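Data first, discussion second: the structure below is written as structure tokens.
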Amino acid sequence: MKNNRIFFCGDVHGNFAFVIQAVRVHRPVAVVFLGDLQAQRPLEQELEAILGLTEIWFIHGNHDTDSQADHDNLFLSALADRNLHGRVVEVAGTRIAGLGGVFRGEVWCPPEAPEYEFAKAYLKKKGKGYLWHGGLPLKHRSTIFPDEYARLVGQCANILITHEAPSCHPHGFEAIDELARSLRVHTTFHGHQHDRLDYTGQRECMGFNAYGVGFCGITDQDGSIICIGDFDEQNEQRFQQYCRQGRSV
């Protein structure tokens, strides 16, 4: 029997076995991937064993455009419409906003001003030689453009999922914090850094709870660990050392 838990999965990089096992055991109402899926087959084939057991949702990560296969197995799969990037969707009674991809300096790396506001502006400047299948170069299919970010600003959600981290991570961005506050979310989840980190101690200054979900790890909507990520222990130690050195997080 399904329960009302939502599972947030860190970067799986082609390994879906632990997700399938967790769904069979715990029967969550939904599973949300936080990017870098790198499916080796169309996503519906990778997850065929659990499609009747739970809802599947995702955002893309930077590695989901490493190759045409990475791109096509996700963006052209039968589950392509489950991409939460740039929109707010009610999932099992919870409004979830999604921002997939990463910031890249060639386009926009906050807090610097963007080089291009829209994909069309980038293509117009670069010319036809940069086109891939009639649009953005493959790499930039996972680049965050300002208009995609702006599409979410001012909407209302309970949870924000991103591939990039908020500023509480050493490699995070204040722009993610600002988006979370604009959406008035109570919690954010991110992947990308392969860290399982609990930033709830920062809630007072940030205005929301935040969690990083580790490489091949799973965390539920309350921040409870379902599956320990492959690198969680060593990354937690590294993060605590970073904090002890007096750096702002």
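Between the listed residues I144, T188, Y116, the Cα displaced farthest toward the positive end of the dipole of the chain, a dipole computed from Cβ unit charges relative to the Cα centre, is found at Y116. Near F7, the amide H atoms lying under 5 Å from its own belong to A30, V31, V32; only residues 5 or more places off or on other chains count, and H is placed 1.01 Å from N. When the charge dipole of the chain is built from unit charges on Cβ atoms (+1 for Lys and Arg, -1 for Asp and Glu) and taken about the Cα centre, the candidate among H60, G134, P28 whose Cα reaches farthest toward its positive end is G134. Contact order for the chain, expressed relative to its length and based on alpha carbon pairs under 8 Å spaced 6+ residues apart, stands at 19 percent. Computed 3J(HN,Hα) for region 105-119, one whole-Hz value per residue from the Karplus formula 6.51 cos²θ - 1.76 cosθ + 1.60 where θ = phi - 60°, is x, 5, 10, 6, 9, x, x, 5, 5, x, 7, 9, 7, 10, 4, glycine and proline marked x. Within the chain, antiparallel bridges make up roughly 35 percent of the DSSP beta bridges whose residues both belong there. Along region 3-19 the Karplus relation, 6.51 cos²θ - 1.76 cosθ + 1.60 evaluated at θ = phi - 60°, assigns HN-Hα couplings of 10, 9, 7, 10, 9, 10, 9, x, 4, 9, 6, x, 9, 9, 4, 5, 5 Hz to successive residues, with x for each Gly and Pro. Think of the chain as having a plus end and a minus end, set by charges on the Cβ of Lys, Arg, Asp and Glu; of Q155, L179, I225, Q155 sits farthest toward the positive end of this dipole. Inverting the pair-averaged 1/r between distinct Cα atoms of the chain gives 18.2 Å as its Kirkwood hydrodynamic radius.
Hey, what did region 82-204 get for relative contact order, percent, Cα under 8 Å, at least 6 apart?
Details: 198 pairs, mean separation 32.0, N = 123.
For region 82-204, the relative contact order is 26 percent.
The coefficient of translational diffusion for region 1-87, derived via Stokes-Einstein from the alpha carbon Kirkwood radius under 4 °C and 1.567 mPa s, stands at 102 µm²/s.
Amide hydrogen proximity for T187: with H placed 1.01 Å from N in the peptide plane, the residues at 5 or more positions away or on another chain lying under 5 Å are L160, N209.
Under 5 Å from the amide H of I144 lie the amide H atoms of V102, F103, R104, each residue being 5 or more positions distant or on a separate chain, with H modelled from the backbone and absent for Pro and chain starts. Each Lys and Arg contributes +1 and each Asp and Glu -1, all at the Cβ; summed about the Cα centre of the chain, the dipole is approximately 440 debye.
Every read-out reported here was derived from the displayed coordinates using simple, explicitly stated rules and does not represent laboratory data. The model shown is predicted, which means the values in this text are computed figures rather than measured ones. Because the Cβ atoms are built from the backbone with ideal geometry, glycine has one as well, and the counts that use them run over all protein chains shown.
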